[in-house]
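Step one of this worksheet: look at the structure below.
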Amino acid sequence: MSPLLTTALVLGLAGSLHCIAMCGPLVLSLPGNKSWIKQFSNNFIYQTGRILTYGILGFIIGFVGESLSFIGLQQPLSLTIGSLLLIFLVLPKSTKLSLEKKIGQTKIFSKVRQGWSYFFQKQSTPAFFAVGMLNGLLPCGLVYAALAGALAGGNGLNGALFMLVFGVGTSPALLFGGVFKKVFHSKMQQWRSILLPTSVAVMALIFILRGANLDIPYLSPKIDLQTGETNCGCGE
């Protein structure tokens, strides 16, 4: 697995602790008729819809990144993304929450929330899938950090793959939490405060290295500044 996709997976796994804190109550509210099998089934459908939305967003963002690379902006794009992620890390928690709240109050996200509430009340299999898809559109700093990675993926397919791997990484803890409510343990908050910033910092470092043009195979490949083509330096 490439360093970029490995980072997507690690970011997802580390971010799953954040997801439990933010989306855990929703997962636990999914009906299951007191059957853990039904609960797990509804949760799986919901997670599938959420991950699909991430993949679609990743494809769109990756396509934008590919367009930027055609005009020679691939290198500064990676450097900019890495720098912005580092800035995001040092922002106070209150500032991050305030930004998410302001974004969530915009008209487009208000419509998303209305649709989310509508489908959740239906409580059917297609409705849970729709709830998951809409949930993937709700404001989330962690998802925005992942989308930054998708932007540097180089093309739409890589961007989609980055977000799909990220989404899969966030899923096990939520699936586990939806069936076993004891997953909410105080120690998880401690791990969250360590793993999540560390994974974002590593991702930022990878983007900075990719943009530094150091001719290191896979990690910092040589970029032809005239054509925008990347040489992985792997000897092919």
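The values are calculated or read from the model by the stated rules, or taken from the named source; none is laboratory data. This one's a predicted model, so the numbers in the text were calculated from it and none came from an experiment. Please note: Cβ atoms are built from the backbone with ideal geometry, for glycine as well, and neighbour counts cover all protein chains shown.
Can you tell me how many residues in segment 159-172 are crowded, with 22+ Cβ neighbours inside 10 Å and either at pLDDT below 85 or among the polar types (S, T, N, Q) (or both)? So the count comes out to 1. Within segment 45-88, restricting attention to residues that are aromatic (Phe, Trp, Tyr) and at pLDDT 85 or above, the residue that is nearest to residue 128 (Cα to Cα) is 46.
Residues of segment 114-152 that are surrounded by fewer than 16 Cβ atoms within 10 Å (Cβ to Cβ) and not aromatic (Phe, Trp, Tyr): 114, 115, 117, 121, 122, 123, 124, 125, 126.
Here's the yes/no breakdown for (1) among the acidic types (Asp, Glu); (2) surrounded by 22 or more Cβ atoms within 10 Å (Cβ to Cβ); (3) at pLDDT 75 or above; (4) more than 15 Å from residue 163 (Cβ to Cβ):
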site	(1), (2), (3), (4)
9	no, no, yes, no
13	no, no, yes, no
33	no, no, no, yes
43	no, yes, yes, yes
